[in-house]
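For reference, the structure is listed below as structure tokens.
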Amino acid sequence: MIQLTNAARDAVRTAIAGSSNPAEGIRIMVEAGGCSGFKYMMGLVSAPEKDDIVVLCDDVKVFVDRESSPHLEGTTVDFVVSLEQSGFSFDNPNSVSKCSCGKSFN
């Protein structure tokens, strides 16, 4: 389904540990919008929604809603720190094209 690199898992663990609200994992979803048609959305959540798919990446729980699941199949999420940008990046085999910021795709 979806994979997190070691760097992404570490970033999620750090975010959960530093959160002022209890967090069980991270939700990754796809919404219409962005420069290329779809955009990635992420956020810490305290519990899965009723119909979520729960993916366990080591000890990190990733929650994906059923509508986003086909768009995220086979995606690898990384956390990159560079001079140009810092943050999560997505390597999605289902995208035909993506914008230069890497946060939206088609």
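No value in this document is a laboratory result; all are computed from the given coordinates. From a predicted model like this one, the values you see are computed outputs, not experimental measurements. Note that each Cβ is placed from the backbone with ideal geometry, even for glycine, and that neighbours are counted across all protein chains shown.
Some observations on this one:
- Among the residues of segment 46-62, the ones that are part of a loop (DSSP other than H, G, I, E, B) and either in contact (Cβ under 8 Å) with a residue 60 or more places away in the chain or in contact with a Lys or Arg (Cβ under 9 Å, 6 or more places away or on another chain) (or both) come to 6 in all.
- Complete set of residues in segment 1-40 that are surrounded by 17 or more Cβ atoms within 10 Å (Cβ to Cβ), touching a residue at least 24 places away in the same chain (Cβ under 8 Å) and small (Gly, Ala, Ser): ALA8, ALA11, GLY25, GLY34, SER36
- Residue check for GLY43: within 21 Å of GLY87 (Cβ to Cβ), surrounded by fewer than 13 Cβ atoms within 10 Å (Cβ to Cβ) and under 11 Å from the mean Cα position of the chain (by Cα): yes
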